[in-house]
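The structure appears right after this line, and notes come after that.
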Amino acid sequence: MQRLTPFSFIFAAALFLQPAAALAADLPALKDSLKRAHETGDSFIFDATLEAAAANNPGQADELRNYAASLKGSGRGEETATPAAVAAKAPAAPETAEAAAEEETPEQPESGIFAGWTGEAAAGLAVTSGNSNTRDVTGNLKLVQDLVMWRTNINSDVVYSKDNGEETDQKVTLGVRVDRKLDERRFVYGEIKGEHDKFSGYDYRVTETVGYGQRFTPWEEAMLELTAGPGFRQSRTTDGVEEFEVVAKAGLGFEWQINGGLSFIQTADVTAGQEYTVTATETALKTRLTDHWQMKTAFTTDYVSEVPPGDRKLDTRTSVTLLYGF
């Protein structure tokens, strides 16, 4: 409770005993009186000054009370701006709904060729069945850049095998796909993929395609991606025959996050042309070991519908690899 001092009583008595005409001053003078009363630090004096000024100036009473409230909110000796001044100093509201939406939009990932890349690298041993049963070494590198309007996927695979000192498998694959997003789920893309498979009957295959893709969420923990489009394929067989043809390509990618440490992956890729059709699939389980390390167990198939005599149409591979994510 504010303690009333003799000075308080003397000030209040003088205030109430002075003529009404003396108190009926212009607004700036009244505000100056309130400010000086506030600077005394005595709430009794301040309240008495306010009530006297309001009683003798009823037409300005509301504005005086608002000004007094602003002084109380400012602390002793510091004048707080009137409500109009406070509004003037407040951050300006966005003039349009578009401006408001822009202010609330979270910061987007940085654009640029070196921004936003993530990926994983894998290496391991595999057991191959087909025309030969071998032990081989496999390696894989995946890079993804996911920006506001663009997404880039780079994928490379290497398989190299020897059996009793003799080379039995040598395969290198490199693919690059660039997506132009239409919205959160739909996109158009361009892709180029090159393959060298020494023991499949083809020295190389290069396929360029464009197409349309869409992503679906069958349930909360799963993502399904479907793609399709036309393109061209250039290839050369091991006996020197070069081929050029129009192709149609369709792809499927499915990933299910079973729990925090286990996920299921299924992919399928079919490229069909007049000369032959290539089908590749992968069925895999990934187990998280640490924040960066995972173990992947996979079964893959590669099928070429037409190959030179003596070469294999189907390769299957079971592999266990260790992955590092970054």
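Taking segment 199-227, which residues are outside any strand (DSSP E or B) and free of Cβ contacts under 8 Å to residues at least 40 places away in the same chain?
Thr217, Pro218, Trp219, Glu220, Glu221
I'd like the full set of residues that are of a type outside the set (A, V, I, L, M) and open to solvent by 40 Å² or more (accessible area, probe 1.4 Å), limited to segment 281-291.
Hits for segment 281-291 are Thr281, Thr283, Thr287, Arg288, Thr290, Asp291.
Cβ-Cβ under 6 Å, sequence separation 6+ or interchain: first residue in segment 249-276 and over 17 Å from Leu323 (Cβ atoms), partner open to solvent by 50 Å² or more (accessible area, probe 1.4 Å) and at pLDDT below 95. Which pairs?
What qualifies is Tyr276/Glu306.
Please tell me if Tyr160 is closer than 20 Å to Val278 by Cα and aromatic (Phe, Trp, Tyr).
So Tyr160 does not fit the description; no.
Give the residues of segment 178-198 that are more than 30 Å from Glu306 (Cα to Cα), open to solvent by 20 Å² or more (accessible area, probe 1.4 Å) and assigned to a strand (DSSP E or B), sorted by residue number.
Scanning segment 178-198 gives Arg180, Lys181, Arg186, Val188.
Does any residue of segment 89-98 turn out to be open to solvent by 30 Å² or more (accessible area, probe 1.4 Å), of a type in the set (D, E, K, R) and at pLDDT 80 or above?
No, every residue in segment 89-98 fails to be open to solvent by 30 Å² or more (accessible area, probe 1.4 Å), of a type in the set (D, E, K, R) and at pLDDT 80 or above.
Can you list the strands (runs of 3 or more DSSP E) lying wholly within segment 248-326 that have 2 or more residues being under 18 Å from Gly231 (Cβ atoms) and among the polar types (S, T, N, Q)?
The strands (runs of 3 or more DSSP E) meeting that bar are 277-288.
Exactly one condition in (1) touching a residue at least 24 places away in the same chain (Cβ under 8 Å); (2) touching a Gly at 6+ places or on another chain (Cβ under 9 Å); (3) open to solvent by 70 Å² or more (accessible area, probe 1.4 Å) is not met by Pro230; state its number.
Unmet condition: (1).
Can you name the number of the only condition in (1) modelled with pLDDT of 95 or more; (2) surrounded by 14 or more Cβ atoms within 10 Å (Cβ to Cβ) that Val278 fails?
Just one mismatch for Val278, condition (1).
Collect the residues in segment 145-176 that are acidic (Asp, Glu) and more than 18 Å from Leu125 (Cα to Cα), keeping them in residue-number order.
Passing the criteria: only Asp146.
Of the conditions (1) under 19 Å from Thr207 (Cβ atoms); (2) open to solvent by 70 Å² or more (accessible area, probe 1.4 Å), Asp239 fails just one. Which one is it?
(1)
Does at least one position in segment 245-252 carry a residue that is surrounded by 17 or more Cβ atoms within 10 Å (Cβ to Cβ), closer than 22 Å to Gly175 by Cα and not β-branched (Val, Ile, Thr)?
Within segment 245-252, one or more residues are surrounded by 17 or more Cβ atoms within 10 Å (Cβ to Cβ), closer than 22 Å to Gly175 by Cα and not β-branched (Val, Ile, Thr).
Take segment 281-326 and flag every residue that is of a type in the set (D, E, K, R), in contact with a strand residue (DSSP E or B) (Cβ under 6 Å, 6 or more places away or on another chain) and in contact (Cβ under 8 Å) with a residue 40 or more places away in the chain.
Lys296, Asp302, Asp315, Arg317
Scan segment 153-177 residue by residue and report those that are of a type in the set (Asp, Glu) and either modelled with pLDDT of 95 or more or surrounded by fewer than 17 Cβ atoms within 10 Å (Cβ to Cβ) (or both).
Asp163, Glu166, Glu167
Which ones in segment 279-297 are under 21 Å from Ser200 (Cα atoms) and of a type in the set (A, V, I, L, M)?
Hit for segment 279-297 is Ala280, nothing else.
How do the pairs read when you match residues in segment 46-75 that are within 14 Å of Lys31 (Cα to Cα) and hydrophobic (A, V, I, L, M, F, W, C) with residues anywhere that are outside any helix (DSSP H, G or I) and open to solvent by 20 Å² or more (accessible area, probe 1.4 Å), using Cβ under 9 Å and keeping only pairs 6 or more apart or on different chains?
So the pair list comes out as Phe46/Thr40; Ala52/Gln18; Ala53/Ala25; Ala69/Thr80; Leu71/Glu78; Leu71/Glu79; Leu71/Thr80.
The values are calculated or read from the model by the stated rules, or taken from the named source; none is laboratory data. Here the structure is a predicted model, which means the values were calculated and not measured. Quick reminder, even Gly has a Cβ in these numbers, built from the backbone with ideal geometry, and neighbours come from all protein chains shown. Side chains included, ligands, DNA and RNA excluded: accessible areas come from the protein's heavy atoms. Shrake-Rupley method; radii C 1.70, N 1.55, O 1.52, S 1.80 Å.
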